[in-house]
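Single-structure report; data block below.
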Amino acid sequence: MTAVGIDAIEIWTGKLKLDLAETFAPEKGEDPEKYTKGLGLHASSFPDAHEDIVTMGANAAKRLMDRKDLTPEDIGRIDVATESAFDNSKPVSTYIAGCLEQVYDGDFHHANKGERKFACIAGTQSLDDAYNWIKAGRNRGRAALVVATDTALYARGDPGEATQGAGAVAMLITEDPNLVELSTEQGYGSADETDFLKPNQQFPSVDGKRSMQVYLARMREALEDFESVSGATHPDDFAYIPFHTPFPGMVRKAAVLAYRHMIRDTPVEEDLAEEIGFQPREEDFEDREAYEEAIRDHMDDLSSTAAYQEWYANTVEPTLSISRQVGNWYTGSVHIARAAALKQAAEQDIDLAGKKLGVGSYGSGAQAEIHAETVGDDWREEIDQLNVDEQIADRYDLTFEEYENVHDRHNHDKTIEMEDFTVPDGEFVFTGTGRMNERLYDYVE
């Protein structure tokens with residue numbers, strides 16, 4: 001059976017930076033460690049005045065196409081995943097295609113274009129769509145371009161304000177991929193939830209505590225469903241486990257839940273039982289509430305063991321290095337987690353070819369998906385070409401007053417004129433609106 005997966009990726013981060021410890025915390029009268037240790041975040045990325053979800057997505061896609069020496073005729077499908085769309089009819093993919101047609105010979109007139117929406121999981125769902133399209137033999141030898149692009153803004157003063165971020169991830173989906181092959185097996189956990197939503201509004205309504213509970217519940221369901229088709233999982237199965245990362249503190253909770261599940265009824269649990277006892281079993285409790293309290297206490301104990309901490313440090317912590325510096329990218333967050341893990345492996349000269357990743361995606365509303373990915377032989381060549389570290393280092397460092405202006409600039413309900421903080425160079429830029437209120441773009445050499 002032909003392998004299908006991600007052949008290459010590119011990343012474009014918003015060109016502005018808000019330092020949470022040095023700039024945000026003092027203005028909020030908060031201890032910086034609330035953000036750096038509690039949330040696990042050091043900075044957020046924001047779009048400059050000339051940037052938005054189209055420019056970030058198109059710039060990531062152009063970088064990918066240039067590196068892979070692709071033309072529009074090589075692309076048979078463009079899927080954009082976003083929860084920051086500004087049009088309820090015209091998809092962002094058409095805007096991105098229009099941008100790319102400014103700089104390439106040929107066009108995307110025979111490429112299928114669409115836009116996926118299911119909160120943060122839409123990026124992974126777009127990967128699934130591209131995978132299925134190729135597996136069905138409908139691609140005519142062409143590749144699919146998947147772009148996850150978002151500007152994750154909260155209302156000022158909202159508890160989620162510190163987790164904001166902006167950026168795009170472009171992924172090329174092909175047969176015989178260089179980077180990772182996607183597994184046929186998938187697991188889902190889905191339910192009608194109101195943990196996070198935007199009913200005809202730009203800024204989300206969030207039930208923070210409920211959102212954490214729903215995230216963990218859907219992840220557990222997805223893992224159980226994945227195992228129903230793939231067989232039991234074990235912590236040693238995966239070199240890395242990238243999770244959807246709204247903020248690293250959330251991943252810490254998901255990771256210990258996954259570890260507890262994977263070691264259940266294994267020699268690992270037996271060894272740990274000498275230190276913290278066996279995991280609580282529901283049949284040993286008279287009511288659900290007592291059982292859940294026992295589970296919480298056990299997971300606290302489990303997370304403090306040397307065995308768990310070593311596993312977490314090796315398998316999960318490396319996935320968080322980019323997110324700590326850029327914040328939540330909604331549909332792109334799990335995909336920068338994958339990139340962060342592979343980037344660290346390359347830097348440490350770890351041979352990952354043939355090793356597996358366990359990918360945990362999530363979208364509020366709510367759905368989780370678990371699938372596996374097998375790292376390709378030429379993964380290192382692809383990852384070495386990312387320049388995300390340089391992008392992060394080159395961002396303009398905002399003052400708090402400048403941050404407020406940037407926030408207003410990208411608030412759909414406000415019309416704020418703002419000078420660019422950075423100089424566009426070899427990139428697509430937003431130039432204004434047309435006669436039908438459509439957004440206009442140009443390429444700046």
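How big, on average over all directions, is the shadow cast by the Cα convex hull of segment 95-167, in nm²?
Spelled out: convex hull of the Cα atoms, projected over all directions, averaged, 6.6 nm².
Using 7 Å Cα-to-Cβ label points, what is the Asn437/Gln348 separation (nm, one decimal)?
5.1 nm
Angle check, please: helix 306-315 long axis (alpha carbons) against the longest principal axis of the chain (alpha carbons), in degrees 0 to 90, nearest 10.
With both axes taken from Cα atoms, the answer is about 20 degrees.
Sort 127-134, 90-97 by packing, meaning the average of other beta carbons within 10 Å per residue, with the highest value first.
Top of the packing list down: 90-97, 127-134.
For the chain, what is the percent of antiparallel DSSP beta bridges, rounded to the nearest 5?
Numbers: 48 of 64 bridges.
Antiparallel bridges: around 75 percent, rounded to the nearest 5.
Multiply the residue separation of Ile416 and Asp176 by 0.36 nm, subtract the distance between their alpha-carbon atoms, and state the gained length in nm to one decimal.
Full extension from Ile416 to Asp176 adds 81.7 nm.
Zone of Ala155 (label point 7 Å along Cα→Cβ, backbone N under 20 Å): which residues in segment 206-235?
Within reach of a label on Ala155, which here means backbone N under 20 Å from a point 7 Å along Cα→Cβ, segment 206-235 contributes 206-212.
Can you give the convex hull volume per residue for the Cα atoms of the chain, as a whole number of Å³?
On the way: hull volume 65.7 nm³, N = 445.
So the per-residue hull volume is 148 Å³.
Treating the angle as unsigned and between 0 and 90°, give the value, to the nearest 10°, between the Cα long axis of helix 92-101 and the longest Cα principal axis of the chain.
Approximately 50 degrees, to the nearest ten.
List the relative contact order of the chain as a percent without decimals, with contacts defined as Cα pairs under 8 Å and 6+ residues apart.
That works out to 25 percent.
In square angstrom, what is the accessible area per residue of segment 1-132 with a 1.4 angstrom probe?
So segment 1-132 comes to 35 Å² accessible per residue, rounded to a whole number.
Rank these residues by their accessible area, most exposed first, probe 1.4 Å: His244, His412. Walk me through the numbers on the way to the answer.
Numbers: His244 5, His412 110 Å².
Solvent-accessible surface, decreasing: His412, His244.
Among Ile241, Ile350, what's the order by accessible area (1.4 angstrom probe), most exposed first?
Ile350, Ile241
Please give, to one decimal in nm, the separation of the simple spin-label points placed at Glu286 and Val103, each 7 Å out from Cα toward the Cβ.
Computed distance between label sites Glu286 and Val103 equals 6.8 nm.
For n ≥ 4 DSSP H runs only, could you compute -39500 (n - 2.57) per run for the chain, divide by its residues and tell me the 222 nm figure to the nearest 500?
Values: 14 runs with 159 residues, N = 445.
Rounded to the nearest 500, the figure is -11000 deg cm²/dmol.
How much of the accessible area of segment 1-118, probe 1.4 Å, is carbon plus sulfur, in whole percent?
On the way: 1910 of 4460 Å².
Using a 1.4 Å probe with all protein chains present, segment 1-118 comes out at 43 percent carbon and sulfur.
For the chain, take the longest principal axis of its alpha carbons; what is the angle in degrees between that and the long axis of helix 122-135, to the nearest 10 within 0 to 90?
Tilt relative to the chain: about 80 degrees.
Which peptide among 282-294, 335-347 comes first, and what is the full order, when sorted by highest mean count of other Cβ atoms within 10 Å?
On the way: 282-294: 11.5, 335-347: 23.3.
Top of the packing list down: 335-347, 282-294.
Give me the Å³ per residue figure for the convex hull around the C-alpha atoms of segment 380-436.
In segment 380-436, the Cα hull volume divided by residue count equals 155 Å³.
Return, for the Cα atoms of segment 75-134, the radius of gyration and Dmax in Å, separated by a comma.
Calculated on Cα positions, Rg and Dmax stand at 11.9, 34 Å.
Length gain on complete extension for the stretch Asp265 to Tyr396, per 0.36 nm per residue less the alpha carbon to alpha carbon distance?
Extra length from Asp265 to Tyr396 when fully extended: 42.1 nm.
If you stretched the chain out fully between Phe203 and Glu293, how much longer would it get, using 0.36 nm times the residue separation minus the C-alpha to C-alpha distance?
This chain segment gains 29.0 nm when fully extended.
Hey, which lysines would be in cross-link range of Lys117, C-alpha to C-alpha under 17 Å, not counting anything within fewer than 8 residues on its own chain?
Lys90, Lys198
So what is the orientation-averaged projected area of segment 104-250, using the convex hull of its C-alpha atoms, in nm²?
11.9 nm²
If I take every Cα pair under 8 Å that is 6 or more residues apart in segment 34-167, average their sequence separation and divide by the length, what percent do I get for the relative contact order?
36 percent
When we measure straight from the Cα of Lys343, which lysines land under 26 angstrom away, once same-chain ones fewer than 8 places off are left out?
Lys15, Lys17, Lys37, Lys62, Lys68, Lys253, Lys355, Lys356
Before anything else, pin down the relative contact order of segment 1-110: Cα pairs under 8 Å, at least 6 apart, normalised by residue count, whole percent. Show your work: numbers first, answer last.
Details: 100 pairs, mean separation 27.9, N = 110.
With pairs under 8 Å counted, the relative contact order is 25 percent.
Applying a 10 Å radius around every beta-carbon, put 314-325, 31-42 in order of their mean neighbour count, most first.
Put in order of decreasing packing, that is 314-325, 31-42.
On the full set of protein chains, 1.4 Å probe, figure out the accessible area of Met436 and give it in Å² to the nearest 10.
Met436 has an accessible surface of roughly 140 Å² with all protein chains in place.
Give, rounded to the nearest 20 debye, the magnitude of the charge dipole that segment 82-177 has about its Cα centre when Lys and Arg contribute +1 at Cβ and Asp and Glu contribute -1 at Cβ.
It comes to approximately 260 debye.
On average, how much accessible surface per residue is there in segment 367-445, in Å², for a 1.4 Å probe, leaving out ligands, DNA and RNA?
Solvent-accessible surface per residue comes out at 58 Å².
For the pair Asp425/Asp377, report the inter-label distance in nm, with labels modelled 7 Å from Cα in the Cβ direction.
Taking the two extended label points, one gets 3.9 nm.
The values are calculated or read from the model by the stated rules, or taken from the named source; none is laboratory data. Not measured: the values here are computed from a predicted model. Every residue, glycine as well, gets a Cβ built from its backbone with ideal geometry; the counts of neighbours run over all protein chains shown. Each accessible area value is taken on the protein alone, full model and side chains, heavy atoms only, with ligands, DNA and RNA left out. Shrake-Rupley method; radii C 1.70, N 1.55, O 1.52, S 1.80 Å.
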